[in-house]
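*Asks:* I have a structure here, written as structure tokens, and I will follow up with some questions on it.
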Amino acid sequence: MRILHVLTAFPRREGDVIVPWLVELLLQLKRRGHEVEVLTSAYRGGGNRSYAGIPVHRFRYFPAPWEDLTHDEAVPERIRRSFRYRVAAVLYVLCGMVAAWRIGRRRRYDIVHVHWAVPHFLLGKAAASGARVVTTFYGAELSLANSSLPGLRWLLISAARKSDRTVAISRHTAGQVESLSGVRPEVIPYGVGLPAAAARGGQSLPGTPPGDFTVLFVGRLVERKGVDVLLRAAARLSASVRLRVIVVGDGPERGRLETLAQELGLAACVEFKGRVSTEDLQKCYRSARAFVLPAIVDRRGDTEGLGVVLLEAMSYGVPAVASRTGGITDIVEDGTNGLLVEPGDPAALAAALERLARDPALAFRLGEAGRRTVESRFSWNAIAERWERLYSGLLAERSSA
């Protein structure tokens, strides 16, 4: 079948790390014999026209020197910061709809798959031209339901109700969509690749001798990730555990977090690495003794939709400690394949980390159980099969109508 994926940003060149989990899904579908294409935005006048054999259709929406609404930073943050980006956002939607209408009539797709309903449901409907429309909700966009901007709530509800199939990445996000629109989405999470056994990290043996207890966080440095909670937990632990905290990722909160680390006396044991290559990220996973996702509910009501980095860490056998919020509870079962703590509670997080540091057998057991969870429920083979069934079911419905 021929499938068009409509999304904000896509790798501009080889090695450009943008939505890697979505890229892998498209590659999985391509390997299964489907014609997979992407409609996305241009970046400063250009960008590649194919990636790993996948055709990429990029639409222009602004003069090239200022055509940077997407790719480098989250769009909502740029829109809030600058009037120029607010103008660019309007033109993005209008130009994107025109481009989608044109390509939809030229290429005639079976499925148009919309990622991030605001604003891409509009582009997806423009491209449909007889195709079935699938919309995936990731959670973050649902915070826009309470926006003061006119039409955003309507667009979210319309996307859920008027798509031929609505999907959410977690039970938490599905519940939010249902509360907003009355539509209960099907739940299909991210998948992750499984590293070779030799590449796995975490607590490799129950009797591992004591040393630095390396705690890893990976993600965008924004409020809802709760990295400040991790730093405050580390401050409680630093006197009793030989602690090392590695923070991978960048974002608007980085300066504040680096200052907080200094104020808490953690400069010697906390390292902010910023963005890293895929190879360096794999090294971080292999060296970690624990992975932490200390997510919170931010001031906009947004929290973690699922947590692909949590799945990645677990695939390496790294024991995970995460907050009991959002879609995280779809992955981590407390005491079985990881540890859950209440969001925003540094003392509880410190206690969970100390438990792992002082009990290598527990860390090993949780890490192995987490790896098995990923293998059985979140492998790309399993996830790609679910998407194939969904697409095929939609086409069968059309044929029998």
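The values are calculated or read from the model by the stated rules, or taken from the named source; none is laboratory data. What you see is a predicted model; the values in this text were computed from it and never measured. All Cβ positions, even for glycine, are placed from backbone atoms using ideal geometry, and neighbour counts span all protein chains on display.
*Asks:* Condition first: charged (D, E, K, R) and under 28 Å from Arg2 (Cα atoms). Can you find one or more residues in the stretch 126-145 that meet it?
*Replies:* First, the residues of the stretch 126-145 that are charged (D, E, K, R): 132, 141.
Among the residues that remain, those that are also under 28 Å from Arg2 (Cα atoms) are: 132, 141.
Yes - at least one qualifying residue is present in the stretch 126-145.
*Asks:* Next question. Just wondering, is there one or more residues in the stretch 1-23 that are charged (D, E, K, R), at pLDDT below 95, buried (at least 18 other Cβ atoms within 10 Å of the Cβ) and over 18 Å from Ala127 (Cα atoms)?
*Replies:* Going residue by residue through the stretch 1-23, those that are charged (D, E, K, R) are 2, 12-14, 16.
Checking which are at pLDDT below 95 leaves us with 12-14, 16.
The next check asks that each one be buried (at least 18 other Cβ atoms within 10 Å of the Cβ); those that pass are 12.
Next cut, over 18 Å from Ala127 (Cα atoms) only: 12.
Within the stretch 1-23, one or more residues are charged (D, E, K, R), at pLDDT below 95, buried (at least 18 other Cβ atoms within 10 Å of the Cβ) and over 18 Å from Ala127 (Cα atoms).
*Asks:* With the requirement that a residue be among the polar types (S, T, N, Q) and touching a strand residue (DSSP E or B) at 6+ places or on another chain (Cβ under 7 Å), what does the stretch 115-148 give you? Let's see the steps before the verdict.
*Replies:* Just the residues of the stretch 115-148 that are among the polar types (S, T, N, Q), to begin with: 129, 135-136, 143, 146-148.
Residues satisfying the conditions are Thr135, Thr136.
*Asks:* Something else: Residue by residue through the stretch 286-295, note down the ones that are within 14 Å of Arg220 (Cβ to Cβ) and either among the aromatic types (Phe, Trp, Tyr) or assigned to a loop (DSSP other than H, G, I, E, B) (or both).
*Replies:* If we filter the stretch 286-295 for residues that are within 14 Å of Arg220 (Cβ to Cβ), which is where we start, we get 293-295.
Result: Pro294, Ala295.
*Asks:* So which residues in the stretch 97-114 are in a helix (DSSP H, G or I) and touching a strand residue (DSSP E or B) at 6+ places or on another chain (Cβ under 8 Å)? Even if it seems obvious, please write down each step before you answer.
*Replies:* From the stretch 97-114, those in a helix (DSSP H, G or I) are 97-107; that's our starting set.
The answer is Val98, Ala99, Ala100, Ile103, Gly104, Arg107.
*Asks:* For the structure I just gave you, tell me whether Gly124 is farther than 21 Å from Asp16 by Cβ, part of a loop (DSSP other than H, G, I, E, B) and of a type outside the set (Phe, Trp, Tyr). Give the steps one after another, and end with the answer.
*Replies:* Working: farther than 21 Å from Asp16 by Cβ: yes; part of a loop (DSSP other than H, G, I, E, B): no; of a type outside the set (Phe, Trp, Tyr): yes.
Against the criterion (farther than 21 Å from Asp16 by Cβ, part of a loop (DSSP other than H, G, I, E, B) and of a type outside the set (Phe, Trp, Tyr)), Gly124 does not qualify.
*Asks:* Could you tell me which numbered condition Ala290 fails, if it satisfies all but one of (1) in contact with a helix residue (DSSP H, G or I) (Cβ under 6 Å, 6 or more places away or on another chain); (2) modelled with pLDDT of 95 or more; (3) more than 29 Å from Phe364 (Cβ to Cβ); (4) among the small types (Gly, Ala, Ser)?
*Replies:* If we test Ala290 against (1) in contact with a helix residue (DSSP H, G or I) (Cβ under 6 Å, 6 or more places away or on another chain); (2) modelled with pLDDT of 95 or more; (3) more than 29 Å from Phe364 (Cβ to Cβ); (4) among the small types (Gly, Ala, Ser), just (3) comes out false.
*Asks:* Out of Val75, Val90, Val17, Val112, I need the residue that is free of Cβ contacts under 8 Å to residues at least 24 places away in the same chain and either closer than 22 Å to Val222 by Cβ or not assigned by TED's automatic domain parsing to the domain that holds Arg275 (or both). Which one?
*Replies:* Details: Val75 fails: free of Cβ contacts under 8 Å to residues at least 24 places away in the same chain; Val17 fails: free of Cβ contacts under 8 Å to residues at least 24 places away in the same chain; Val112 fails: free of Cβ contacts under 8 Å to residues at least 24 places away in the same chain.
Testing whether each residue is free of Cβ contacts under 8 Å to residues at least 24 places away in the same chain and either closer than 22 Å to Val222 by Cβ or not assigned by TED's automatic domain parsing to the domain that holds Arg275 (or both) leaves just Val90.
*Asks:* Ok, one more. Among residues belonging to the stretch 285-305 that are more than 24 Å from Arg371 (Cα to Cα) and charged (D, E, K, R), point out the one that is surrounded by the most Cβ atoms within 10 Å (Cβ to Cβ).
*Replies:* Out of the qualifying residues, it is Asp302.
*Asks:* I'm trying to understand the selection: among the residues of the stretch 370-389, which are buried (at least 18 other Cβ atoms within 10 Å of the Cβ) and in a helix (DSSP H, G or I)? Give the derivation first.
*Replies:* Filtering the stretch 370-389 for residues buried (at least 18 other Cβ atoms within 10 Å of the Cβ) gives 370-371, 373-374, 378, 380, 383-384, 387.
Of everything in the stretch 370-389, those that are buried (at least 18 other Cβ atoms within 10 Å of the Cβ) and in a helix (DSSP H, G or I) turn out to be Gly370, Arg371, Thr373, Val374, Trp380, Ile383, Ala384, Trp387.
*Asks:* Restricting to the stretch 352-401, give me the number of residues that are among the acidic types (Asp, Glu) and either touching a strand residue (DSSP E or B) at 6+ places or on another chain (Cβ under 7 Å) or under 18 Å from Val292 (Cα atoms) (or both). Lay out the reasoning, then the answer.
*Replies:* Quick first cut of the stretch 352-401, residues among the acidic types (Asp, Glu) only: 354, 359, 368, 375, 385, 388, 397.
Going one step further and asking which of them are either touching a strand residue (DSSP E or B) at 6+ places or on another chain (Cβ under 7 Å) or under 18 Å from Val292 (Cα atoms) (or both), we end up with 354, 359, 368.
Matching residues across the stretch 352-401 total 3.
*Asks:* For the stretch 63-75, does any single residue satisfy the condition of being buried (at least 17 other Cβ atoms within 10 Å of the Cβ), assigned to a helix (DSSP H, G or I) and over 20 Å from the mean Cα position of the chain (by Cα)?
*Replies:* no
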